[in-house]
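These notes are about the structure you will find just below.
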Amino acid sequence: MEEAAEVRVGRGQRLAEAVREDLDLYGFVELEERIEVLQDEIARVRAHLERKRAGREAADALFSSRPA
């Protein structure tokens, strides 16, 4: 008997699937919960983006301040 091949999910694939999901299948409370989860995810992504921006600015400052 063969083992089932592990399915690899591409980066961003779950997000793409989530935005195409039929919202008619959800009730009122489920939609409110979904919004809350998405808002939490937005905050998490913004915080991560800010850390990356700070790292980039630090690297730019380090390499641009070198004497010629």
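Could you rank LEU62, LEU25 by how accessible they are, 1.4 Å probe, largest area first?
LEU25, LEU62
Return the carbon/sulfur percentage of the accessible area of the chain, one whole number, probe 1.4 Å, all protein chains in place.
56 percent
Rounded to the nearest 20 Debye, what is the dipole magnitude of the chain about its Cα centre when Lys and Arg each give +1 and Asp and Glu each give -1 at the C-beta?
860 debye
Please give the helix 28-64 orientation as an angle from the longest Cα principal axis of the chain, in degrees from 0 to 90, rounded to the nearest 10.
On a 0 to 90 degree scale, this one is about 20.
If you roll a 1.4 Å probe over the heavy atoms of the protein chains, what accessible area per residue do you get for the chain, in Å²? Walk me through the numbers on the way to the answer.
Values: 7050 Å² over 68 residues.
Per-residue value: 104 Å².
By per-residue mean of other Cβ atoms within 10 Å, what is the highest-first order of 30-39, 9-18?
Packing order, densest peptide first, comes out as 30-39, 9-18.
Can I get the semi-axes of the chain's equivalent ellipsoid? Compute them from the C-alpha gyration tensor as square roots of 5 times the eigenvalues, in angstrom, largest first.
Output for the chain: semi-axes of 39, 23, 9 Å.
The values are calculated or read from the model by the stated rules, or taken from the named source; none is laboratory data. Keep in mind the model is a prediction, meaning the values are calculated, not measured. Using ideal geometry, Cβ is built from the backbone for each residue, glycine included, and neighbour counts are taken over all protein chains shown. Just the protein is used for accessible areas: all its heavy atoms, side chains included, with ligands, DNA and RNA removed. Shrake-Rupley method; radii C 1.70, N 1.55, O 1.52, S 1.80 Å.
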